[in-house]
1. Only one of (1) surrounded by fewer than 19 Cβ atoms within 10 Å (Cβ to Cβ); (2) out of contact with any Cys (no Cβ under 9 Å at 6 or more places or on another chain) fails for A:Val37. Which number is that?
2. Out of all the residues in region B:34-68, which are of a type outside the set (Ser, Thr, Tyr) and modelled with pLDDT under 90?
3. Which of the residues belonging to region B:77-92 are within 13 Å of the chain's Cα centre (by Cα) and surrounded by 16 or more Cβ atoms within 10 Å (Cβ to Cβ)?
4. Kindly indicate which of A:Glu32, A:Glu96 is surrounded by 13 or more Cβ atoms within 10 Å (Cβ to Cβ), in contact with a strand residue (DSSP E or B) (Cβ under 7 Å, 6 or more places away or on another chain) and touching a residue at least 24 places away in the same chain (Cβ under 8 Å).
5. Look through region A:58-110, keep the residues that are of a type in the set (Gly, Ala, Ser), within 11 Å of the chain's Cα centre (by Cα) and more than 12 Å from every other protein chain (Cβ to nearest Cβ), and return whichever of them is farthest from A:Gln45 (Cα to Cα).
6. Being modelled with pLDDT of 90 or more, part of a strand (DSSP E or B) and over 30 Å from A:Pro7 (Cα atoms) narrows it down to one of B:Ser77, B:Ser83, B:Ser95, so name that one.
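The values are calculated or read from the model by the stated rules, or taken from the named source; none is laboratory data. Being a predicted model, the structure only gives us computed values, none of them experimental. For neighbour counting, all protein chains shown are included, and Cβ atoms are generated from backbone atoms with ideal geometry for every residue, glycine included.
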Amino acid sequence: AQRVTQPEKLLSVFKGAPVELKCNYSYSGSPELFWYVQYSRQRLQLLLRHISRESIKGFTADLNKGETSFHLKKPFAQEEDSAMYYCALRANFGNEKLTFGTGTRLTIIP
Amino acid sequence: GAVVSQHPSWVICKSGTSVKIECRSLDFQATTMFWYRQFPKQSLMLMATSNEGSKATYEQGVEKDKFLINHASLTLSTLTVTSAHPEDSSFYICSATTGTGFFNEQFFGPGTRLTVL
């Protein structure tokens, strides 16, 4: 069975400082990893996925299969980054189920 | 594009009554819809996977007779909480996908807050 771990429930970072939200996973196969974000009073939305290898809103995440990690990073935090961030894993093709981590609430201090 | 709506956004009911929550894909046909439950300050827990025209697949520990799921069309899935009790109070979220494969994406509804008195 797959598992996603986000060790930090809360993370506070000063504006302009680098941000790193940690995500580790457990899965025997080759997973697909995602980061979802939920801004205050808004629905969950996809931030980025590892296969796209793109930067969204300045965020990047690299899949490290050796360390089974998919940490989310941004070099300079902005106030609008304050939100709840969830790491999620999809196990394999044809099975669209997502397994979510417990989430990290990121607060950017002005 | 790819908007998912839920109705109602919140509902309060008495213990023992049944509550129906609708999930609609507004501008796309959803081959698969998912139902999640989220307790305060906790993660989303998948309850069931719903495919149009077939029976839902429930996750382990989810009572299928209590949480009835119907996926009658490619744009509508409903979750009925039968004989609701206070412990069923939670935030219920649905999501919908357009297909399968690498680039498929789940689009989430805004959620429905259920409070059972």
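1. If we test A:Val37 against (1) surrounded by fewer than 19 Cβ atoms within 10 Å (Cβ to Cβ); (2) out of contact with any Cys (no Cβ under 9 Å at 6 or more places or on another chain), just (1) comes out false.
2. At the first step, the residues of region B:34-68 found to be of a type outside the set (Ser, Thr, Tyr) are B:34-35, B:37-42, B:44-48, B:51-53, B:55-56, B:59-68.
If the condition is that a residue be of a type outside the set (Ser, Thr, Tyr) and modelled with pLDDT under 90, then B:Phe39, B:Pro40, B:Lys41, B:Gln42, B:Asn51, B:Glu52, B:Gly53, B:Lys55 are the ones that fit.
3. Step one: of region B:77-92, the residues within 13 Å of the chain's Cα centre (by Cα) are B:77-81, B:90-92.
Within region B:77-92, B:Ser77, B:Thr78, B:Leu79, B:Val81, B:Ser90, B:Phe91, B:Tyr92 qualify.
4. On the way: A:Glu96 fails: touching a residue at least 24 places away in the same chain (Cβ under 8 Å).
The unique qualifying residue is A:Glu32.
5. Taking region A:58-110 as the starting set, the residues that turn out to be of a type in the set (Gly, Ala, Ser) are A:58, A:61, A:66, A:69, A:77, A:82-83, A:88, A:91, A:94, A:101, A:103.
Then drop every residue that is not within 11 Å of the chain's Cα centre (by Cα), which leaves A:61, A:69, A:88, A:101, A:103.
Going one step further and asking which of them are more than 12 Å from every other protein chain (Cβ to nearest Cβ), we end up with A:61, A:69.
On the way: A:Ala61: 16, A:Ser69: 21 Å.
Among them, the one singled out is A:Ser69.
6. Working: B:Ser83 fails: part of a strand (DSSP E or B); B:Ser95 fails: over 30 Å from A:Pro7 (Cα atoms).
Result of the check over B:Ser77, B:Ser83, B:Ser95: B:Ser77.
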